[in-house]
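Before any comments, here is the structure.
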Amino acid sequence: MLLTQSLVNGILLGGLYACIAVGFSLIWGVMNLINLAHGSFVLLGAYVTATINQTLGLDPFLTIPISGGVLFGIGYVIQRGLINLVIARSVFSTLVFTFGLNMLLVNLLLVAFTADLRGIIVPYAGIVWQVGTVRIPLTRVAVFASAVVLTALLASFTNRTRLGAAIKATSFDVDAARLVGIDVDHIYAVTFAVGAAMAGAAGSLIAVNLVFSPVLGDYYTMKAFVVVVLGGLGSIPGALVGGLVLGITDNLASVVLDPGYRDAVSFALLLLVLVLSPRGLFGKPFYAEIKA
Amino acid sequence: MLQQRCNFLGPAGSAGFAFATLALLVCGGTPAAADDVIRFGAAVSLTGPLSTEAKQMKDGYDFYVKQINERGGMQIGGKKYKVEIVYYDDASNPETAAKLTEKLFSEDKVNFLLGPYGSGPTLTASTVAEKHEVPMVVAHAASTAIYSRGYKYIFGTLTLIDEYFGSIIDMASKIQPKPQSVAIIAENALFPQAAAEAGAKRAEEVGIKVVYNEKYPTGIKDMSSNLVAVRERNPDILMSAGYTADMLLLVRQMHEMGVKPKLLAFALGPSLPTWVPTLKEQAEGTVEPIQWAPNMKWKDQLFGWTAQDYADLYKKEFGYVPDYHPPQSTAALEVFQVALAKAGSFDPKKVRDAIAETDLMTAYGPIRFDSRGANTAKGMAVMQIQDGKPVVVYPPDSANGKLLYPLPN
């Protein structure tokens, strides 16, 4: 019974993890850029939602397009204006750059919003469905559903639009993409912006279920990292499955073993996947072409 | 060729160098004797997870500095000394706090030390103070561990951790009908675990059964498993201790998982400015033991303030109503003030001995140190959020409201 509750909680949490990770995966898979500021983008989205909710009283789920849009804009400008300067160099440069960007964003958020913890309690937060002895809160289901919908939207964007096709093409072979007339700078900026937008949208969901503060962003970057390695780079179904697996193992480990082992289990799982299937569960070999 | 280059100083250069060094040594001297300023040093969490609370701690120190300097400064051995505090940011990190305390002593050469925020940073910083035999008065670290090492130079003005959950249990044991069971959830860190242990012990002493006592890992994002287990045991009281983010999460998930205790207490949480705005109705009825509230019946021996006077003056100065953090800080400096006046000098050993004999009433409460350096003269009060506002509900002679029990559901 406790196990069933944990399983349900794990699935619901896993959907959220997937949403957080999918943008990170896209950026990494297409541009070979490990965005250490991803957690801060998530927080930015959460703050946008919290601010709108506080001033206009708008339901947090309705603010998702806004937080997504704001982060899209910020992401595009950051990539086109700043990251593009170092992207042609080594992976290490981009790591250092995004690390610095993260520090900048965290401190800007601290100045703007202080370290006070925030969360949003929606008026319908008390609605809980009871199936047997398992309790399923409405807000958690709503967050899960939104996360899955957003992930599906991203999938259809990359698979069915011209822009999506251009992104995929660029990830296969940058030079060939240039040869067929794709504006790689623009595509990279759009990719980063889309990844940031997904992070922002995930941030709106975080605001509903959890509490946040500028110093808590690295947690989400870490989770995104693990989900992406588990699920495979650049693969959206991979991010979804990876997220669910992580969510479920986290919760079950807390219950079956000791809550203290939760992280140990996550990372043990990570190591196992890396040893058995280094590309992750769904990873494809030609993504993340290594640039010298 | 190499030897010639290494000898670049030459005889004249070496003499000059030696002279300069000698001059520096002579002019360095003892800062306190040279000018009319007494300098305290403190590592403060200006950034990091503890920064919100630490800011209030720092404001409390600054409040004292303003008040005493307006009156000419501390009276030590026939002269008045203006008070200055040197702050460094320890980023809520214990190792950094220790390093900064070392820096304050060896580089900045402060006269005396004030404690950092929190038991983690204080545990390490106090070791440095003890090593250098410099008195440190701690105002914001309640772990018994800090005062149980046989240190001679460390003193704390606040009530220790044993009393945090202890006062909740004491209050509960006087309720009719008496609660039968208690569940404890605490973060796996120094302060929360100390609170949990002391609380469990006190519960057993008064005959309230501990039905659940579990740790959760730092940074947890989902407490539903713990809460479902608690729900199964249906305790009358639920007590929890840990980082504020976790406590906020616990309240939200408690409602989701259907945990309905009759009394809900937190070692730290409801008194913070962010609690009620974030939790709204879910904050109703939450309880916290507090070191101090403006309606306590204390009157300051040095400045003549009552607790309410302090709160009013403070609000005028800093723009917000103080919780217990600021007066706790102010009290630490008052301890130094009295001890320095008594010792009549800056000698660390003399001052240390004077501090040990402290018997002082402040707006924060009475201060008397036991042999460990802990203040055992003051007890804790308990507050409850009622209608979004904190109300002191225990002990009866300091209460300005009645405890809402059981929580309505």
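Where a number appears in this text, it was derived from the coordinates with a stated rule and is not lab data. Predicted model, so just to flag it, every value in this text is computed and none were measured. Virtual Cβ from ideal backbone geometry, glycine too; neighbours counted across all protein chains shown.
Numerical summary
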{"read-out": "Inter-probe distance in nm under a simple model that places probes 7 Å from Cα toward Cβ, at A:Val149 and A:Phe92", "value": "4.6 nm"}
{"read-out": "Length-normalised contact order of chain B in % [C-alpha pairs under 8 Å, at least 6 apart]", "value": "16 percent"}
{"read-out": "Hits among aspartates and glutamates - C-alpha to C-alpha of B:Lys299 under 12 Å, sequence gap 8 or more where chains match", "value": "B:Asp309"}
{"read-out": "Estimated FRET transfer efficiency when R0 is 30 angstrom, pair B:Thr144-B:Lys174 (beta carbons, to 0.05)", "value": "0.75"}
{"read-out": "Cross-link reach list, lysines versus A:Lys168, counting only Cα pairs under 29 Å and skipping chain neighbours closer than eight places", "value": "A:Lys223, A:Lys284, A:Lys291"}
{"read-out": "In degrees, nearest ten, helix B:94-106 long axis to first principal axis of chain B (Cα)", "value": "30 degrees"}
{"read-out": "Cα long-axis angle, helix B:51-70 against chain B (0 to 90 degrees, to the nearest 10)", "value": "60 degrees"}
{"read-out": "Chain A: DSSP helices with Cα axial extent of at least 24 Å and average Kyte-Doolittle hydropathy no lower than 1.6", "value": "A:2-31, A:91-113"}
{"read-out": "Under DSSP loop assignment and at most 13 Cβ neighbours within 10 Å, longest trypsin sites (Lys or Arg not before Pro)-free interval of chain A", "value": "A:90-290"}
{"read-out": "Cα-projected label distance for B:Lys402 with B:Lys297, points at 7 Å along beta-carbon direction, nm", "value": "2.0 nm"}
{"read-out": "Pairs beyond 19 Å (Cα-Cα), from B:Lys109/B:Lys131; B:Lys82/B:Lys342; B:Lys316/B:Lys402; B:Lys79/B:Lys350", "value": "B:Lys316/B:Lys402"}
{"read-out": "Calculated [θ] (222 nm, deg cm²/dmol) that DSSP helices of n ≥ 4 give over the protein assembly as shown, each run adding -39,500 (n - 2.57)", "value": "-17500 deg cm²/dmol"}
{"read-out": "Degrees separating the helix B:224-233 axis from the principal Cα axis of chain B, which is the longest one", "value": "50 degrees"}
{"read-out": "FRET efficiency, 1/(1 + (r/R0)^6) with R0 51 Å, evaluated for B:Glu95 and B:Lys342 via beta carbons", "value": "0.90"}
{"read-out": "Whether region B:189-233 is rounded, prolate or oblate, judged on the alpha carbon gyration tensor where a/c under 1.5 counts as rounded", "value": "oblate"}
{"read-out": "Reduced Cα scattering model of chain B, Debye log10 I(q)/I(0), q = 0.07, 0.12 Å⁻¹", "value": "-0.37, -0.93"}
{"read-out": "Estimated distance in nm for a label pair at A:Arg162 and B:Lys66, the labels positioned 7 Å out from Cα along Cα-to-Cβ", "value": "6.4 nm"}
{"read-out": "Whichever aspartates and glutamates have a C-alpha closer than 20 Å to that of B:Lys174, once near sequence neighbours (fewer than 8 apart) are set aside", "value": "B:Asp162, B:Glu163, B:Glu204, B:Glu205, B:Asp236, B:Glu288, B:Asp397"}
